1. Give me the extension gain from Asp131 to Asp46: residue separation times 0.36 nm, minus the current Cα-Cα distance, reported in nm with one decimal.
2. Using modelled backbone amide H atoms (1.01 Å from N, in-plane), which distant-in-sequence or interchain residues come within less than 5 Å of Trp82's amide H?
3. Roughly how big is region 144-229's charge dipole about its Cα centre, with Cβ charges of +1 (Lys, Arg) and -1 (Asp, Glu), in debye to the nearest 20?
4. Once both labels are modelled 7 Å past Cα along the beta-carbon direction, what's the Ala23-Ala214 spacing in nm?
5. With label points built 7 Å along Cα→Cβ from the Cα atoms of Gln79 and Thr61, find their separation and express it in nm.
6. Among Pro209, Ala183, Phe133, which residue has its Cα furthest toward the positive end of the charge dipole of the chain, with +1 on Lys/Arg Cβ and -1 on Asp/Glu Cβ?
7. Counting only DSSP beta bridges with both residues in the chain, tell me the antiparallel percent, nearest 5.
8. Starting from the Cα of Lys70, draw a straight line to each of the lysines and keep only those under 16 Å, dropping any in the same chain fewer than 8 residues away.
Amino acid sequence: MRVHYLQHVAFENLASIEDYARAKNWRLSVSHLYRGDALPPQGSFDGLIIMGGPMGIYDETEFPWLAPEKEFIRQTIEQGKWVLGICLGAQLIASVLGAEVAKGRHREIGWYPVTKIAARNESPLSAALPDNFHAFHWHQDTFSIPEGAVHLCASEGCENQGFIYRDRVVALQFHLETTPESAAALIEHCADEMDASQYVQSASEILDPREKFAAINALMHQLLDELCL
């Protein structure tokens with residue numbers, strides 16, 4: 001399978017998804033948008049992964065590549081390919097599907113429980129996630145659920161944690177791909193966001209429970225198994 005991914009900053013890469021890709025013999029390609037890489041032709045890939053980043057979907061003046069990226073995502077969805085968006089990637093998907101993206105009531109950074117809302121009869125992809133699980137979070141912006149999408153899950157600090165669109169597009173506000181190494185990179189580069197507010201944990205609270213990383217990575221692999229059928 002040919003899978004392309006969009007990376008917005010050097011320190012937010014595929015993380016554990018890269019292990020999955022190697023195990024599945026994916027042919028990976030990437031656009032490092034922050035370096036000015038071009039977007040690929042639509043015919044050159046079968047699935048698309050859109051990673052996170054500290055910028056907002058509305059920051060087109062500072063990051064002019066956001067505008068063509070949105071159009072590229074729109075075209076990819078219209079082509080019927082599978083798409084996975086994580087954090088900023090999820091917000092970009094929501095935006096191109098006509099939903100609102102704005103600052104949430106709370107910043108979420110660290111390990112917080114997520115509750116699944118969607119049922120299997122709404123989307124078979126929902127079966128990849130348990131009814132309740134802990135996920136890793138690093139965001140403040142949030143999205144409304146696009147028209148025609150299935151609301152996937154919620155948390156106490158953020159009502160709209162994910163959605164599924166046409167059983168081939170998955171948007172996750174939280175992170176299941178994060179490893180101890182990628183979490184440490186976020187802490188290094190985005191420490192100014194760790195403001196000790198209600199849903200923001202310390203660096204030690206984030207990094208110490210190493211078993212939690214393996215658990216979320218397993219959930220990511222389950223979701224990819226379902227999405228990439």
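Bear in mind these aren't lab numbers, they're just calculated from the coordinates by the rules spelled out. Worth saying up front: this structure is predicted, and the values here are computed from it rather than measured. Ideal geometry is used to build each Cβ from the backbone, glycine not excepted, and the neighbour counts take in all protein chains shown.
1. Extending this stretch completely gives an extra 27.6 nm.
2. Counting only residues 5 or more places away or on other chains, the set is Leu48.
3. It works out to roughly 300 debye.
4. 1.3 nm
5. My value for the distance between the label points is 3.3 nm.
6. Phe133
7. Numbers: 23 of 42 bridges.
Close to 55 percent.
8. Cross-link targets: Lys81.
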